[in-house]
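Note sheet for the following structure.
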Amino acid sequence: MKNCLECGEVIIGRSDKKFCDDACRNLFNNKINKDKTNLMRNINNRLRKNFHILSEQKFNEGKAKTTKNKLLSSGFDFEFHTNIRTYKNGSQYVFIYDIGYKILDEDFVLVVKKDSQT
Ligand SMILES: [Zn+2]
């Protein structure tokens, strides 16, 4: 005897059924999709915020210098980024879309716009 994954009612019929009817199946799947959508929305928001914080730095010829603490206090989250680029000279930058950063010695962070590095 199996129970519907959505409503918990006992399922009558084929033993491989997971739901009592299409309505329950749809409800269940919609909830899963909603969770995934929420997860992606939250991550996208983190990325957008990180990008915004980096883009607000005072750039001079595509480069800006700040500190880890300043970024953190603006709400920057170092866990979220879109990609990592390693340049020919071996230096590696963490990117959020087209703005990257590199943690320098101490607390300093170098922020670069993609164009200035290529
Ligand atoms: Zn059901």
Looking at segment 20-39, is at least one residue of a type outside the set (Ser, Thr, Tyr), farther than 26 Å from Asn83 by Cα and touching a Cys at 6+ places or on another chain (Cβ under 7 Å)?
yes
Per the filter on segment 32-69, residues in contact with a Ser or Thr (Cβ under 7 Å, 6 or more places away or on another chain) and in a helix (DSSP H, G or I) are Leu47, Ile53
Which pairs turn up if I take residues in segment 1-29 that are aromatic (Phe, Trp, Tyr) and look for partners that are not in a loop (DSSP other than H, G, I, E, B) with beta carbon separation below 7 Å, at least 6 apart in sequence or on another chain?
Phe19/Arg25; Phe19/Phe28
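Anything in segment 71-86 that is open to solvent by 30 Å² or more (accessible area, probe 1.4 Å) and either assigned to a loop (DSSP other than H, G, I, E, B) or out of contact with any helix residue (DSSP H, G or I) (no Cβ under 9 Å at 6 or more places or on another chain) (or both)? List them, or say none.
Leu72, Ser73, Asp77, Phe78, Glu79, Phe80, His81, Thr82, Asn83, Ile84, Thr86
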Filter segment 6-62 down to the residues that are within 31 Å of the chain's Cα centre (by Cα), within 16 Å of the ligand (Cβ to nearest atom) and open to solvent by 60 Å² or more (accessible area, probe 1.4 Å) and list them by number.
Arg25, Asn26, Leu27, Asn29, Asn30, Lys31, Ile32
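The values are calculated or read from the model by the stated rules, or taken from the named source; none is laboratory data. Quantities reported herein were computed from a predicted structural model and do not represent experimental measurements. Methodologically, a virtual Cβ is constructed for each residue, glycine included, from the backbone with ideal geometry; neighbour enumeration extends over all protein chains shown. Accessible surface is based on the protein model in full, side chains and every heavy atom, while ligands, DNA and RNA are left aside. Shrake-Rupley method; radii C 1.70, N 1.55, O 1.52, S 1.80 Å.
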